1. Taking 0.36 nm per residue of sequence separation and subtracting the Cα-Cα distance, how much length would be gained by fully extending the chain between B:ALA91 and B:ALA54, in nm to one decimal?
2. Let me check I've understood the local charge: for B:LEU28, count other residues with C-beta under 13 angstrom from its C-beta, Lys and Arg +1, Asp and Glu -1. What total comes out?
3. List, shortest first and in nm to one decimal, how far the label point of A:HIS77 (7 Å from Cα along Cα→Cβ) is from its counterparts in the other copies.
4. Less than 12 Å Cβ to Cβ from B:VAL81, Lys/Arg counted +1 and Asp/Glu -1: what total charge do the surrounding residues give?
5. Can you give the net charge of the other residues whose Cβ lies under 11 Å from the Cβ of A:PHE100, counting K and R as +1 and D and E as -1?
6. Averaged across the residues of A:76-83, what count of C-beta atoms belonging to other chains lies within 10 Å of each residue's C-beta?
7. Just to confirm the numbers: B:GLU26, label point 7 angstrom along the Cα-Cβ line, distances to the other copies in nm, shortest first?
8. Using a 10 angstrom cutoff on alpha carbons, build the Gaussian network for chain B and name the most mobile of B:GLY48, B:GLY92, B:GLY37.
2 protein chains.
Amino acid sequence: MTTQTIDTTIATYLAAWNELDPQRREALIARTWTEDGDYLDPQAAAAGHDAISALIGAVQEQFPGHRFVLASGPDAHNDRVRFTWHLVGDAGPVAVGIDFATVADDGRLRSVTGFLEQP
Amino acid sequence: MTTQTIDTTIATYLAAWNELDPQRREALIARTWTEDGDYLDPQAAAAGHDAISALIGAVQEQFPGHRFVLASGPDAHNDRVRFTWHLVGDAGPVAVGIDFATVADDGRLRSVTGFLEQP
C-alpha cells in the first residue's frame, strides 16, 4: 500500500460511509483504516474492517437516501486530523458531526472518534 | 487520587494554562494529566508533567496578560472529550482552538490534541 495524502484518506472515508454495495464499501474501508483501525462515537463502536462495514451498513439503513458530505477540513498536524461532515437528505442536513482521528504512516486512519454537534 | 468528573478536569486544565506560579501550575497539571500524559498541537509537543508545565510557561510568556477561557463543552462520550477555548486579552480573543483528549479511568487526561481555528 502506498502512502496517501490525508485529503485522499478523508475523501475515501466519506465515500465508504456513502457506499451501499458491501464489496465496494469493504474496498474503500481497506483504503481508509489500518487493519486494526477503529471507530467510536456516542452511539456506536466498531473495531476492524468487517465491524466498521457492518456499522456503516446499519447507519445507511437508518438513513436511507442520505449522504455524508465534507463540511470543513480536513485540518491535520503531526499524526492527527479533524474534519466536520453533514449527513444530508432531500430536506437538507439531518446531522452535523466532527470527527477526530489519528493517522498511520501510510496515511490511513488508526482510530476515529466522532462527536455530534448540537442541532 | 479519586475519580473526578470531566467538567472538573477541563476546568483544572484551563486553570493550569492560566496559572503563572510554577508550583501551583505543577499541582494543577498533576490533577489534569496522568503521569505519562501528553499534549500536541500544530506548534508544540510535550510529554509528562514537567514538559507540559514548561510549555505552558513559554506560552504565557508569549501572551502576557492573556487568559484561556472555555468557549464550549466539554462534550464527552466513552473515554473521549472535546471542548473549545478562547485565548483572551484586553482587546478580546486572539486565538480560538478546539482540544480533543482521551480520558483515563480516574478522570484525568491521557493525551490532548489541540487544533487552532482559522481566524
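Since every read-out is calculated from the coordinates, none of them should be taken as a lab result. The structure presented is a predicted model; accordingly, all values stated were derived computationally and were not measured. Note that we place each Cβ from the backbone using ideal geometry, even for glycine, and neighbour counts take in every protein chain shown.
1. 10.7 nm
2. In short, +1.
3. Here A:HIS77 shows inter-copy label distances of 2.6 nm.
4. 0
5. 0
6. The mean count of partner-chain Cβ atoms within 10 Å per residue comes to 4.
7. Sorted ascending, the copy-to-copy spacings read 5.6 nm.
8. B:GLY92
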